[in-house]
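Encoded as structure tokens, the structure appears first; notes follow it.
The values are calculated or read from the model by the stated rules, or taken from the named source; none is laboratory data. Keep in mind the model is a prediction, meaning the values are calculated, not measured. In this analysis, Cβ positions are derived from the backbone assuming ideal geometry, glycine residues included, and neighbour counts consider all displayed protein chains.
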Amino acid sequence: LDVDDLRAVVDESYAQRQAEVPKVQTIVAQELEHLLHWLREREIIPALVALREHTRLIADEELARAKQRIANLHPEVAPEIEETMDKLVHRLVNKLLHEPTIRLKEQAVKGEAVRYTQLLNEVFG
């Protein structure tokens, strides 16, 4: 093995690494895009949490009223009915907010998080 042989090995190795650079750049670009997508989506999360809390608060208030009525009218069945009502309200809130949550996240990814957060604040206070 002489210097020329080593040079040939180094040159070949360098050429192989250089050939992989476009693949690596593509992978990095894709991962960067995924990260940016995730970060944009995260911008709307506080507004979504506030919307869910607001909705859940209203649902819980109405649920408490309904439970009180049932307890007054039919105290013997109130405990069994209350558990069913709790589950019903929880599922209902989740189903009602599922599609809006998806749409708001989609808009956030498009860079519209601030606009939609402001809109939610205006609509729901």
Exercise for review: Go through the residues of the range 31-41 one by one and say whether even a single one is within 30 Å of Asn121 (Cα to Cα), touching a Gly at 6+ places or on another chain (Cβ under 9 Å), in a helix (DSSP H, G or I) and of a type in the set (D, E, K, R).
Suggested key: yes
Check your understanding: Somewhere in the range 66-83, is a residue surrounded by 10 or more Cβ atoms within 10 Å (Cβ to Cβ), assigned by TED's automatic domain parsing to the domain that holds Val123, over 27 Å from the mean Cα position of the chain (by Cα) and among the basic types (Lys, Arg)?
Key -> yes
Check your understanding: Taking the condition without any contact (Cβ under 8 Å) to a residue 24 or more places away in the chain and closer than 26 Å to His34 by Cα, does Glu99 pass?
Key -> yes
Review point. Taking Lys87, is it loosely packed, with under 11 Cβ neighbours inside 10 Å and without any contact (Cβ under 8 Å) to a residue 24 or more places away in the chain?
Key: yes
Check your understanding: Taking Val21 and the conditions (1) under 34 Å from the mean Cα position of the chain (by Cα); (2) surrounded by 13 or more Cβ atoms within 10 Å (Cβ to Cβ); (3) not aromatic (Phe, Trp, Tyr), which numbered condition does it fall short on, given that it satisfies the others?
Key -> (2)
Point to revise | Cβ-Cβ under 7 Å pairs, at least 6 apart or on other chains, the range 41-58 side surrounded by 15 or more Cβ atoms within 10 Å (Cβ to Cβ), far side among the charged types (D, E, K, R) and assigned to a helix (DSSP H, G or I) | key: Glu41/Lys105; Ile44/Lys105
Practice item. Kindly establish whether Gln18 is under 30 Å from Ala108 (Cα atoms) and not assigned by TED's automatic domain parsing to the domain that holds Phe124. Key: no
